[in-house]
Each structure stands twice: as structure tokens, then as C-alpha cells.
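Worksheet: the structure to be examined is printed underneath.
The values are calculated or read from the model by the stated rules, or taken from the named source; none is laboratory data. Just so you know, these numbers come straight off a predicted model, no measurement behind them. All Cβ positions, glycine included, derive from the backbone under ideal geometry; neighbour counts span all protein chains shown.
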Amino acid sequence: MTDLTAESIAEFRVLHGRVVDAVEHAVHGKRPVVELVVAALFSGGHVLLEDVPGTGKTTLARALAGALGGTSRRIQFTPDLLPADVTGTTVLDPATGAVGFRPGPVFANVLLADEINRAAAKTQSAMLEVMAEQTVTSDGTAHPVPDPFLVVATQNPIDLDGTYRLPEAQLDRFLVRVTLGYPDVEHELAVLRPGSQAGDVSTVPVVSSPQEVARYRRLLTGVHVAEPLLRYVRALGEATRTDPRSRLGASTRALRALVGAAQVQAAAQGRHYVVPSDVQQLAHAVLDHRVIPTREAVLDGATAHDVVAAGIEGIEVPRPVAA
Amino acid sequence: MTPRPTGPATTGWALALLLVAAVPLAASFTTPVVLALVLGALLAPVGIVALGRWLRVPPWGVASGGLSLVLGVALAFARAEPAPAGPASEGTWRAGPGGSLVAPLADAVARLLTAPRPAPLELALPVLLLCALVSLGVALALARGSAARLAPLVGAAVIYGAGQLLSAGAADGGVVATACVVVAAAGWVVLDGGAVGRSSTAVRLGEAPRRARVAWTVRGLAGLVSVLVVGAGAVVVASAVDGRPFEPRELVAPPQVPADLANPMAELARWQAEPDLVLLTVAGEHPGYLSWVTLPDFDGAGWGASLDLRPVGSVVEPALAPGRDRGAMDVTVELVGLAGSASPPGPWLPSAGQVTETDLTGALVDADSGVLMLPVGQDGRLPDGLTYRVRSEVDQPDAVRAARAGVPAGDEVDRYLALPRFPAEMREYAQAVVEGASSRVDQATLIAQEVRGERELATDAIGGSSYVRLREFLFADRGEGGQVGTSEQFAASFAVLARAVGLPSRLVVGFALDEPGTGSPVTVRGQDARVWAEVYLAGTGWVRFDPAPDAATASGLRDEPEEQDVSDAEPEPEGLPEAPPPGADDDPVASDAVPDGVDRGGVVVAVLLALAGAAGVVLVGLVAARGLRRRRLRAAGAVGAWQLVADSLVLRRGRPAPAATVHAEAHEVADLVRASDRGTARGVDHEAAGLALAAEAEAFGPPVEVATSDGTWDAARRVERGLRRGAPRGRRLGWWIDPRPLRRR
């Protein structure tokens, strides 16, 4: 049940700021990206970090886990990783002679799935099933993963030999896809200075708890989204579907995720209602990885980002209108 | 994109446009009740279409059902209308025997076109049917939403055109047309693509692509410009064309009236034998003569007339245009010797000029000759003591204009030039008479002088006007019956010789009064009956020539400078050029003449005034619309206050990008104000940001009761002033009349 009040919005704004600040102890100069990841955390989505090695993807995931104070696990995906290595398996206990379920690393509040595109399709599928269902089914028994459950997956866009590209349906499971990128000069110099705490996740303070995250996840679904905004979101999705450069547009699940992320974004700014700029700011992070351009468009240099940008720029934004 | 039905605002605009366009149509009738009926005919199909949509009847069903209903009701009214009775029935249309189902409707149109103008209420059915059909078509188009801009305009054009046709252009001098343009323009400016696409949030949310709105704007402006260009072109063409307005009645065959008429020439001799016989009394204003029967047709043996009779008041122009100098005369005639059992048989009524009105029920008139008649009973005589009043347009030819006038050519003149089997001897004689004449009037004057000559007028002379009698009259010696004749021979000789030299002429049997009357009653006796000739001159009209030597009959006309009486004729100049052959194509009008009834300078002034008036109306409308919008925005709280700011931003730099949010616009406001006035920028940019926040909270937050604050509105006005202050001079001048904010919601 939602019980959203002005006080709870104000409390969340403070909490959101604390979490972002805590993560920034380890990840310098990437506040917008951190805010996106935190927004995904509070809206119940998963994050796909896509960047070259050494840009802080793993650090970000671990720092987030540290700030939440919950359990965190890390899986380094390799081609020989089996689904049971991820989800767990049923084993015979020699001491007791009983058969029991041994949970895999997915049973954590924050799971870092490193280089997810290096695992075989079967393992990826098992992983993504957990992401969607929030449970692991073994021998007919469902084992729920902890709540909250946030997967921060990383993948390397270069050096693609021996990788298994994530299928579109599985990409759709990720709420946002973000790119960290290299830090700017000032922050990179700060990282390089001897004694810098950048990348040291042990210094990240615990500022929240899994229970608190779970409570706000439920609470923030009550942030008001006006009917014109819902139509605006739908029009954005429609634009990605009808764009001649698009082979696959945003799904309804994607649009629903965009609304949810916008609710968190609005609450993080102290509002109990969503405004068009919330949607515009999140649209690329939420939609880009779900839109697939046509081969011809790719040859012409167009990207999914271009398709989404065209939708944002071409569709009239809702404005306050007197009755 | 599937067209969507239009809203009530567009429907109301379309109806208003059609109603304004229907004003000339309704003005063509005798009673303003027709305008109310027209309004009903316009509203009913809209109701039918709305009902059909409410009942979810498919569009083709609404169209066919509406059409059937309209036609059915019209047919029922047409068949229920009783046929006219009495003498008036002679001049009105009725369904022919064995008429089809729709014959009454077809007859209704013909009856309307042959009826006097303005038409009576009973003949309004075709007009109402037209309005209903046009309204049905417009309502169906609006229901589809596919031609929401064009359909009302086309419908209005059809209705307005019908009104102008029905009245031959007399119903509107341009005021209604200007009003139509203003109403159309107002609709196109105020009702934007959103109103047509739908008034909901669809457009605001981007469901209507931006290019659709742009296309709507472009098409609207193009249409408006087209209307103005076509209208201006029409005015220019109308001012440049010298001719009569198109008259649809000319396309309708007039009702055939039985005309078993006796030759009036026979009565002339009887009246002249009884010079004191009182024929009629005349009161009121008259030109000094009354025509009784006009005889335009000559077959070599005698003169006659084939009449094209229509009810008095019917809109029909004579084949030959009347003169430019005309005057209205109102005369009351009481028939004494011309009516009753002792009177000669015949339906003719003395009148003057072209009769436009009379109090006689069932009177008919021939537009070409001006002959007025009343259908008579079995005995062929007019009722005893018949008294009637006629109002006429009488030519008052100007002598100067007539001296420069030529004669027209064409089929319509051939009737007045016909000389079948004309003797060569008479043709040579005529050409010899006019040799050296410097103008057409000179030719006529010379012929009249020649015919008068030394000849003698005798009431007991042998009658007739065949070639034989005329040759005897003109060329034989007095002892052989020549040189003596009645006014018939004098006039007929003049007319035949005039035709021989190409002057259109005709004979008129009538009554010469002492002098042009001003009101006192005049008694007309047998001695006053006579025959004279008339010659047609372009731009001057029919000019009377009476070559008979009795001065008394022409004395009333001598003082008129425009009358060409032989006694006042100029002496024949020397070296007159040879007369043109019959049928030659003279200049129809003098070179310095202007088109009939057209003053080009006046037209230009009128057009300029109309354009200025239209511009004034548009300006006032824009100011009023902007004022109403501000009033509405002021009552709308923070959202309205922000819209005032957004309007100002539009006026300052045009429409925003589709993706520009309120916050982006607030930043832009701050930048613009900061760039133009740093002194006030700080306060204004903060106020703009605050207004944006408040507006978004009100618009996108959960519904709450919002208190209207004057402070919010005042802040918006300060932001507006800041934006206006930095605007270019042109935009500042047009700030309060710029229609662009009206296109925003």
C-alpha cells in the first residue's frame, strides 16, 4: 500500500542524496550516472553498465552495494559458467543424507554480473529469468531472492571475440543502460593522486538498508503521473516504433519502466508529481538499449540514440494549459 | 492519419458563415421571414447529421438518409402547394400535364426565376432546398473532418452565388461578401488545427504531428490569400467589364400568353375621326406622351409585334440596354374610351417607358417594347372604368451624348433593321438623304426633315404602311395620292428609311400629351392619338422622332434638349460623310463614354473602403479575441499566468520547439530579459522560474483546489513587460493584435 506524503517525499529526497553521496566516495565525477543507477534501484529495475574496461563499472556496483548495507555478490561471467553456478543447485548433504538447495550467488541484494556477455546463452537466460521473476526454481521449488534485488551487469562493447551478445528480449529486462565514460580532467587527476580513495569501496558508508529501499520502492509508485504525461510517454514509444530507421521500437514494458523511473526522479527532486522534463531526462537511458535500428540505418550511421532523440525533439511536450 | 470529426466551435463557425452568405438569397424575397426559414434549413441537416452520429449510423447511411429526408420534405411541400389562380396564373409556371414525380420541384425553380422580384414567400422552396442540401454537405464534411476548412467556404460560395444570381447581382454590393471573408478568416485564424483535429489533449501530446499543424496553418493562409486574390480579381473584372450582370431568368422560357390581338392601327383612324372622344385621363408625373403599343416588327406589308410577356416586376432586361440617362415616373391612368363595352378590343394599357411596378394584379409587360397589357375576358375588352398606377423608368436622352452615339451591332439589333424585299429605289433615296451626315443623330434628323418636307398630314388619308403605300406617300404627286398621309405614314416612312441606313427603329402607337406632366390630371382625347418612330442609339436608348408636320403633337417635347424633334434640328452641314451601310458595326458608345452604371473611381474607392473596413473589423476582432484570452487566462490561476508568459515568448521570438519544456522556456525568458535589460532581469527571471514551477505543479500535480492569486498574474504581467520591452519595434507595435497566441491553447 502506498502512503505518500510530503514528509515521505522530503525524507526520500534526503535519502537519495545520501546514497548518491556515499557512492561518490568511490566513484568520482559521475554523479549523473550514479543518480540514474540509484533511480533504477528505487524503481525496482536493473542496470546494465556498458563501457570499456577500467572506467569504474565494478566499483560503482560494489559501492552501491556497500551504501545499501545489504548483501552483495559478484559473478564473473565466463563461457564455461553453468546456470547452476549462478542460481544454485540441489545437492546431497553427506552428513545428514538429505537433499537440499544450495543457493547460488544470485541470492544477494546487489548482484554484480561482470561481463555478462561472456557467458553462454543458457547461463545468460538463467540469469535473466531470475531478474524477471525474482525467484529461482529448483526441483519444482521456488526460492525467492532477497528484496530488494538489484542486478548491476556490465559488458564490454569492444573485444567481442568469444562473447554472446545479449538478445533483445533480455536487454529489455534492464531498466537502464548507462555508460560511465572516462572522467573529466579534474576528476581523473584526483584519482591519479597518491592516497586517493577513488575505487576504494571500503570507505563507502552504509547509509540505507535493503528494507528501507524495499519500502520506498512501494511508496514511490504513488507519485502522481498526470494523464497528459502518460500520453506523452506513449507517444514517445510510438515514435520509436514508427520511425523508418527503427527495426524494433520501445515495448510497453519499456514505457512502464520509463514512467516508474520518472516517478523516482520526481521524488528525488522533492516533487510528488512527474513533469515532462523527468521523462525527457530518462528517455535515453531507458529506451536506447531497447530500440534496434535497421541495417540500412546503421549503415547510414544512425543509432538507437538518434531514433529516441528524434522522438523527443519531434513530439510536442505537454504544457500547462488553462481549461 | 484518420480525419476526426470537428467540434461544436467549428460547426458553429460553418453555420455562421453559411447564414451570412445566405443573406442575399433571403433578400431576394418580399419578406424577412425567409431569412428565418433559411436559418432553419441550415440548422436541420446539421441536427440530422449529429443525430446520425449519436445513433452511430455509418456515414453513408447518414448521407443517404439525410439527402432522402431533405428531398422528401421539399417534394412534399412542392406537391402540396396549390396552383396559382386568377389572371396571375397566365404569367406563372405550373407543372405540365403528365409531369414526373419531381416535376413540382423543377417547376418551383422555373416559377421562382419567372416571378417578379422580389419574389413572394410562396416561391422560397428552391432556396430553402438549396440551403438544406448545402448545409447537409457541409455537415457531412465536418463530420468526417477531412475538409473542415474548405467545405464551409465552398458551401458559402454556392449559397452566396445563388443569391447573387437570383437577384442578378443586386442583392449585395459587397458588404455581405466582405462579411463572408471576415467570418471565414476569423474562423481560420481562431480555429486552429487542434480544433479541427480535436480539442482534446491529443494535439498537445504530440499525437498530431507538428507537420500536420504546420500544414493546417499553411493551407489556411493559402486559402485566405486565395480568397482575397480571387475577390480582388472579381472586383477588378467587374469594374472593367461593360455589360449586364448574368441573369438566369433569361435561360428560362417565359410563360406563353395568348395574344390574339387586333391591329391597333385601325383604331387610330377611328379616334382621329372623333377628335373629342375622351380616351383616358392621366395624373401624375409623365414625360409628355404615353405609349400604347410598340411595333418593332416590319414585314414589308405592315407593322406588328411579337411579345415576350412576363409579370410586371420580373427581372428581365431588354435586349437593347436602356439609356444611361433615365428617370423614374409615377403616373395614374384612368381608362375611359379605352375600356368598357364601347372600347376597341385589346388588352393594351397606356404607359411610359419600362414599367417596373403597377397596382394591377396580373398585368404583364414586354421588356423589349415596354408594352403593358392586362389579360382580358371573353369579349377581348378591358373592364369598364379601369384605373391603375404604373411606375416606370423612362429614358431621358442627353443631346450631347446622343450626338456622339453610334448604333450597336448584333442579333438583338437585327429585328429593328429588318426590311424584307426592300425596294432598291427607297434604299438609294435613304442613302441620298443622309449623305454627308456627321453622326447617327444627324442621319435621323435628316431623314425626319426629309419625310416631313412639304408633305401634308391628313387624318382622312389612306392608311397602311406597306412599301407600296410608303412609295406612293413619298414619291407620288399629290394628285396621285402622294405627299399626304396620316401620322402612320410619316412615322413608318421615317422608320423604314432609317432602317435603310442602319438605324434601328420601331413604331409606337400612343398618345401625345400637351407637355410633360407634374401632377395635374390631363384628359387624353382622340385627336391626341398618333404614331411616332423611335431610333435606338447606344448608350442613349430609344429616341423619339416624330416627323409629322403638326407642331401641336410635338410641342410638349420641344423644350427637352435631349429630344430630337425635327423643328429643332440643326441645319444640314456641308460635306457630310457617306452613311454607313445597314448593319455596319458602329462604335456602340462614344469614346469618352464609361460603362453603364460603372464609375471606375468610385469602384476603386469602394474597394479601398471595403478593404479598410474589413481590415478594421479584423483588427477589432483580434484585439477583442486577445482581450478575451487574457481574461480567461487571468481566471486560470498559475497555469493561466504561465500561459501569458508563454504567449509573450511566442510574440517575442515565435513558436517554441515541440520538445521545449516549461523549464526550458523559463530559462529562455530569463536569457531574453537579461539580454535586453539587466536592471530588471534578476527579478523577472526568478519570477519566470517561479511561475513555471507553479504552473507545472498545478498542471501535472494531483487535482487540488487552486486559489487564484493576483500576485501570480501580476508577476506574469511583469515578465510580459520585460519580454515586450526587449522586442523589436515591429513586434512591440503588433503586440496586442498578433493572432499567434490565439492559436495556442
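Some notes on this structure:
- Some residue of region A:275-282 being of a type in the set (Val, Ile, Thr) and either within 10 Å of chain B (Cβ to nearest Cβ) or farther than 30 Å from A:His16 by Cα (or both): yes
- Within region A:241-302, helices (runs of 4 or more DSSP H) holding 1 or more residues that are polar (S, T, N, Q) and surrounded by fewer than 21 Cβ atoms within 10 Å (Cβ to Cβ): A:252-268, A:276-287
- Members of region B:655-679 found to be touching a residue at least 40 places away in the same chain (Cβ under 8 Å), within 21 Å of A:Pro318 (Cβ to Cβ) and either assigned to a loop (DSSP other than H, G, I, E, B) or within 12 Å of chain A (Cβ to nearest Cβ) (or both), listed by number: B:Arg655, B:Pro658
- When region A:223-233 is limited to residues that are surrounded by fewer than 18 Cβ atoms within 10 Å (Cβ to Cβ) and part of a helix (DSSP H, G or I), the one that is nearest to the other protein chains (Cβ to nearest Cβ) turns out to be A:Glu227.
- Meets criteria (at pLDDT below 80, more than 16 Å from A:Gly44 (Cβ to Cβ), in the same structural domain as A:Gly29 (by TED's automatic domain parsing) and touching a helix residue (DSSP H, G or I) at 6+ places or on another chain (Cβ under 8 Å)) for A:Arg193: no
- For first residues located in region A:301-323 and within 7 Å of another protein chain (Cβ to nearest Cβ), partners that are of a type in the set (Ser, Thr, Tyr) and lie 6+ apart or on another chain with Cβ distances below 6 Å form the pairs A:Val317/B:Thr661; A:Pro318/A:Tyr232.
- Residue that is modelled with the highest pLDDT, among those in region B:136-176 that are out of contact with any Gly (no Cβ under 8 Å at 6 or more places or on another chain) and on the phi > 0 side of the Ramachandran plot: B:Gly174
- Restricting A:Glu227, A:Glu212 to residues that are modelled with pLDDT of 80 or more, of a type in the set (Asp, Glu) and not assigned by TED's automatic domain parsing to the domain that holds A:Gly66 narrows the list to A:Glu227.
- Residue within region A:115-133 that is surrounded by 12 or more Cβ atoms within 10 Å (Cβ to Cβ), more than 21 Å from the chain's Cα centre (by Cα) and over 30 Å from A:Leu255 (Cα atoms) present: no
- Scanning region A:121-171 for residues that are touching a residue at least 60 places away in the same chain (Cβ under 8 Å), charged (D, E, K, R) and not in a loop (DSSP other than H, G, I, E, B) turns up just one, A:Glu168.
- Residue check for B:Ala9: within 22 Å of B:Leu153 (Cβ to Cβ), of a type in the set (A, V, I, L, M) and at pLDDT 85 or above: no
- For region B:295-328, the candidate set comprises residues that are aliphatic (A, V, I, L, M) and under 30 Å from B:Pro423 (Cβ atoms); within that set, the residue that is surrounded by the fewest Cβ atoms within 10 Å (Cβ to Cβ) is B:Ala301.
- The set of residues from region B:432-476 being surrounded by fewer than 19 Cβ atoms within 10 Å (Cβ to Cβ), under 30 Å from B:Val400 (Cβ atoms) and under 44 Å from the mean Cα position of the chain (by Cα) comprises B:Glu435, B:Gly436, B:Ser438, B:Ser439, B:Gln449.
- Selection within region A:5-60: residues that are outside any helix (DSSP H, G or I) and hydroxyl-bearing (Ser, Thr, Tyr). The member of this set that is surrounded by the most Cβ atoms within 10 Å (Cβ to Cβ) is A:Ser43.
- Residue that is farthest from the chain's Cα centre (by Cα) [pool: residues in region B:410-428 that are buried (at least 17 other Cβ atoms within 10 Å of the Cβ) and not basic (Lys, Arg)]: B:Met426
Yes/no matrix, rows are residues, columns are (1) polar (S, T, N, Q); (2) outside any helix (DSSP H, G or I); (3) closer than 23 Å to B:Ala409 by Cβ:
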{"residue": "B:Glu435", "(1), (2), (3)": "no, yes, yes"}
{"residue": "B:Ser438", "(1), (2), (3)": "yes, yes, yes"}
{"residue": "B:Leu446", "(1), (2), (3)": "no, no, yes"}
{"residue": "B:Asp460", "(1), (2), (3)": "no, yes, no"}
{"residue": "B:Ser465", "(1), (2), (3)": "yes, yes, no"}
{"residue": "B:Gly479", "(1), (2), (3)": "no, no, no"}
{"residue": "B:Gly510", "(1), (2), (3)": "no, yes, no"}
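- Residues (buried (at least 17 other Cβ atoms within 10 Å of the Cβ) and under 25 Å from B:Leu123 (Cα atoms)) located in region B:49-70: B:Gly66, B:Leu67, B:Val70
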